[in-house]
Each structure stands twice: as structure tokens, then as C-alpha cells.
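Structure first, commentary second.
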Amino acid sequence: TKKPLTIDGDLSDWQLDSLVPNPFFFHVNFGREKVDYLWKNRNDCDGTMYTRWDDNYLYFAFKIKKNWFYNDGEFSGVWRYDCMHISLYPSGLKKGDNIELVSYRDHVAIDKHGKAIIDRAQGPYPIPAGGYWPKGSRVAIKKIPGQGYIFELAYSRNAIKPLKLSKGEKFRLALNFLFSKPKISNSFVGIGWFFGNSNVDGAADLHGEIK
């Protein structure tokens, strides 16, 4: 993008019509006897991801369709509610490559106080106990009653190093929007998207190749 994007939950400055939408395409269901990866319908939840970049930030936008909200927890405790789980490996990776870095793992959600947060739970550099907010990064999450969420996220260069924000640079990405349904204990349901492999931490030989 030629101009920095405003992180306010309004995507009008994204020029979405000029971008390729990336729909979430698989369903995850943990905590039951049967783990169902087949997405039979999109009534409970659906999602689309967009991305842009400039000299200082890597941007993500997520449009999540969901007709009810479930926000709770603080810091890393937000993960089990309406939460975007982001795994970003800050380098290219193809079949036969060794994993050289630990991926970044973030929880992005509205906490029980109504605040939009980024909780970094893992990274290639030392992580303080309890996680931390990636330096220089910004987030806005807008609730649209009866429709869902708009997530708008800007990662600073320092938050995703050694990835360089320049043409031709590559990274691996895996996403889950995970939510646990109220009154259903030990059940975590969500939708997911990944580029190349389902977990950026490894098994590239099992999940295809990016040339």
C-alpha cells in the first residue's frame, strides 16, 4: 500500500476490490470423541483474510461472520473464546528445508474488559512469562451485531523480524478463529486457513511445497 492504513476497524482504506480474498476453508472441532475437519456448512461461522504491507508494517484484515459474540478472559486467557490464533513463520519454507526459527504465535481478541488485545505467546526470541504485546503493533476489532467481527491488525517490522518488508520476501502463515460455545465444556470449535502447511512449525514435507 502506498499510504499507511488506519487501524480503526474500518476497511474502507484497504481497497478490498483490488485484493485477492483468502477465505477460511476448514473446520476444527476439538474436545470431542470425533474430530471433524469437514466443513459441512458455514452457518455458525465463516471468515475471509486480506493482507497488505508497506515499509513499516505487515497488515492483516479478517472479516468474520458470526451471529453471536463470546468474549472473556485476559491476556493469554482469551484464547478459548472468540479469538484469532495467528502463527507466522518469518521466512520462506519449501519441501526439504529445515525449520530454523520458532514461529510467532499470537492471540488476537477482545478481552473481558472489552479491549482489543494482541497476546504474543511464542516467538523466536525470549518471551516474558504470561506473554506480551508485540512492540509497535496495533489492532482494532469491531463488533457488528448479528453479523460478526472486523479485525484489523498491523505488525511492526520489529514484531516480525527477521522478515523484511520488501518485494519478494516470503513468510508462512497459519490461522484459526477459535471459539468455545457457551454451556459446552471442553469443546473448542473454529475455522482455519493456512498457506502451504497446517502448522508453520514443521512437517513441510507432508503439506506440499512452495517454489
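What to note about this one:
- Residues of region 90-122 that turn out to be open to solvent by less than 20 Å² (accessible area, probe 1.4 Å) and modelled with pLDDT of 85 or more, as a count: 12
- Residue among SER198, SER185 that alone is among the small types (Gly, Ala, Ser), within 28 Å of ASP72 (Cβ to Cβ), at pLDDT below 75 and surrounded by 14 or more Cβ atoms within 10 Å (Cβ to Cβ): SER198
- Some residue of region 42-53 being part of a loop (DSSP other than H, G, I, E, B) and either among the β-branched types (Val, Ile, Thr) or over 19 Å from LEU175 (Cα atoms) (or both): yes
- Breaking point among (1) closer than 17 Å to GLY77 by Cβ; (2) modelled with pLDDT of 85 or more; (3) touching a Lys or Arg at 6+ places or on another chain (Cβ under 9 Å), for LEU178: (2)
- For region 79-89, taking the residues that are farther than 14 Å from GLY190 by Cα and not polar (S, T, N, Q), the one that is modelled with the lowest pLDDT is identified as TYR89.
- Applying the set (1) open to solvent by 70 Å² or more (accessible area, probe 1.4 Å); (2) at pLDDT below 90; (3) within 18 Å of VAL139 (Cβ to Cβ) to GLU33 leaves exactly one unmet item: (3).
- Breaking point among (1) touching a residue at least 24 places away in the same chain (Cβ under 8 Å); (2) closer than 16 Å to SER76 by Cβ; (3) surrounded by 14 or more Cβ atoms within 10 Å (Cβ to Cβ), for ALA154: (2)
The values are calculated or read from the model by the stated rules, or taken from the named source; none is laboratory data. The model shown is predicted, which means the values in this text are computed figures rather than measured ones. When we count neighbours, we look across all protein chains shown, and the Cβ atoms used for this are built from the backbone with ideal geometry, even at glycine. Protein only, heavy atoms only, side chains kept; ligands, DNA and RNA dropped before computing areas. Shrake-Rupley method; radii C 1.70, N 1.55, O 1.52, S 1.80 Å.
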